[in-house]
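Structure, as structure tokens:
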Amino acid sequence: MYAVLRIVVTALTFVATASPLLAQTSPPPIVKVDGLHQISPHIHIIPDNSVPAVPNVGFVVGDRAALVIDTGLGPPNGAAVYEVAKKLAGTKALYLVTTHVHPEHDLGAQAFPDTTKLIRSTSEVKDIAEFGLELANDFAKRSAIRAELLKGADFRKADITFEHDYDLDLGGVQAKLTAMGPNHTGGDTIIWIESDRVLFAGDLAMRAQPAFASPHSSLRQWLASLDKLEALNPVIIVPSHGPTGDGTGFITGYRAYLTEVRDRAAAEKRAGRSVDQSIEAVTAAFGERAPDKARLAGAIKVAYAEAP
Ligand SMILES: [Zn+2]
């Protein structure tokens with residue numbers, strides 16, 4: 001069998017995620033290509049080892065073509081990921097998709113050759129048009145190594161765009177790309193490999209608490225997305241960050257958390273409390289169950305705004 005580190009997640013058990021303040025002391029955001037391993041008949045991953053600003057990188061290899069999922073931060077990481085892709089895919093056609101357009105997921109794309117077809121959803125394209133390199137510039141200020149990795153980084157133009165779904169036939173294995181709308185960002189993409197029952201869920205279902213990172217992020221949308229993810233009934237979830245998950249544990253964990261945030265925020269609003277008072281009350285109610293207070297506050301703000 002495949003050597004997979006499988007971590008079962010119980011509902012509402014989150015681990016704290018690194019804050020920007022920790023960036024200076026955390027390991028450099030380098031994709032560790034030595035970690036490459038196979039998790040299912042058609043899929044290899046390079047795990048992020050839970051290092052901030054590193055994504056889990058995926059490779060889906062068919063008889064005819066291969067799909068790379070996420071690039072790593074900046075062209076140097078993108079080049080390393082491309083080398084791995086070449087080793088796995090040989091002379092097969094290469095496609096690249098990104099789970100969202102945050103720097104560590106997308107800003108290595110320019111290191112891939114022109115022959116690699118970059119696929120983005122139209123909402124990812126819109127996200128780039130609206131926010132550009134804003135977050136990348138912010139990342140670059142956090143440490144010298146991040147600045148170095150992002151030197152000259154810019155968004156590469158997509159070769160293929162899709163609005164809702166895109167079915168990619170890799171030869172003997174199909175990848176279904178779906179645009180999930182505004183969740184973590186203005187446009188998150190998931191990748192479903194049905195034959196292997198592996199779901200690349202982006203930031204939509206992870207071990208760490210969900211991050212509402214865009215002014216367009218919607219809790220209502222996120223809950224609807226979780227229903228769609230669960231309906232796929234994956235055996236393995238590869239999230240954007242952190243360990244892979246067995247079954248639907250990440251999904252049910254996120255649903256329990258987001259439902260509780262939604263209901264508690266709505267109750268505070270109905271009782272006439274301000275958004276700041278609501279953050280204080282709901283944060284106290286979660287206590288240690290939600291160690292990332294900044295992410296919790298972000299979720300409460302969105303829930304408060306969306307509450308009737
Ligand atoms: Zn992100």
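Thr115 to Ala266: extension gain in nm, 0.36 nm per residue of separation minus the Cα-Cα distance?
Taking Thr115 through Ala266 to full extension adds about 49.4 nm, to one decimal.
Classify the stretch 92-210 as rounded, prolate or oblate, taking a ≥ b ≥ c as the square roots of the eigenvalues of its Cα gyration tensor: rounded when a/c is under 1.5, otherwise prolate if a/b is larger than b/c and oblate if not.
prolate
Taking only DSSP H segments of four or more residues, each worth -39500 (n - 2.57), what value at 222 nm results for the chain once the sum is divided by all its residues, to the nearest 500 deg cm²/dmol?
-11000 deg cm²/dmol
Between the DSSP loop rule and a limit of at most 12 other Cβ atoms within 10 Å, which trypsin sites (Lys or Arg not before Pro) in the stretch 148-207 are left?
On the way: sites: Lys151, Arg156, Lys157, Lys176, Arg197, Arg207; in loops: Lys151, Arg156, Lys157, Arg197, Arg207.
Passing both the DSSP loop test and the Cβ count: Lys151, Lys157.
Can you tell me, using C-alpha contacts under 8 Å and at least 6 residues apart, the relative contact order of the stretch 135-274 as a whole percent?
With pairs under 8 Å counted, the relative contact order is 16 percent.
Give Lys92/Lys117; Lys117/Lys176; Lys228/Lys301 a once-over and call out the pairs whose C-alpha atoms are over 19 Å from each other. Could you put the intermediate results ahead of the total?
Numbers: Lys92/Lys117 12 Å; Lys117/Lys176 16 Å; Lys228/Lys301 24 Å.
Over 19 Å Cα-Cα: Lys228/Lys301.
Angle between the Cα long axis of helix 219-232 and the longest principal axis of the chain, 0 to 90 degrees, nearest 10?
In the chain, helix 219-232 runs at an angle near 50 degrees to the longest axis.
Answer rounded, prolate or oblate for the stretch 197-297, using the Cα gyration tensor with square roots of eigenvalues a ≥ b ≥ c: rounded when a/c is under 1.5, else prolate when a/b is larger than b/c, else oblate. Provide the component values of the computation, followed by the final result.
Working: a/c = 2.32, a/b = 1.99, b/c = 1.17.
Judged from the Cα gyration tensor, the stretch 197-297 comes out prolate (a/c at least 1.5, a/b above b/c).
Quick check: from the Cα gyration tensor, does the chain come out rounded (a/c under 1.5), prolate or oblate?
On the way: a/c = 1.72, a/b = 1.48, b/c = 1.16.
Here the chain falls in the prolate category.
What percent of all Cα-Cα pairs in the stretch 75-149 falls in each 5 Å bin, counting up from 0?
Percent of pairs per bin, in order: 3, 15, 23, 23, 17, 12, 6, 1.
Springs between alpha-carbon atoms under 10 Å, Gaussian network over the chain: tell me which of Ala224, Ala111, Ala201 tops the mean-square fluctuations.
Largest GNM mean-square fluctuation: Ala224.
Over the chain, calculate the relative contact order: mean separation of alpha carbon pairs under 8 Å at least 6 apart, over the residue count, as a percent.
Reported relative contact order: 19 percent.
Distance between Cα centroids, the stretch 268-308 to the stretch 61-118: provide it in whole Å.
39
In the chain, with Lys and Arg counted as +1 and Asp and Glu as -1 at Cβ, which of these residues, Pro239, Gly58, Leu199, has the Cα nearest the positive end of the dipole, that is, farthest along it?
Pro239
Could you state the accessible area per residue of the chain in Å², with a 1.4 Å probe and every protein chain left in place?
42
If the reach is capped at under 17 angstrom between alpha carbons, list the lysines near Lys32, excluding any in the same chain fewer than eight residues apart.
Within the straight-line limit of under 17 Å, Lys32 reaches these lysines: Lys86, Lys87.
The values are calculated or read from the model by the stated rules, or taken from the named source; none is laboratory data. What you see is a predicted model; the values in this text were computed from it and never measured. Glycine also receives a Cβ, built like all others from the backbone with ideal geometry; neighbour counts cover every protein chain displayed. Accessible surface areas use protein heavy atoms only, side chains included; no ligands, DNA or RNA. Shrake-Rupley method; radii C 1.70, N 1.55, O 1.52, S 1.80 Å.
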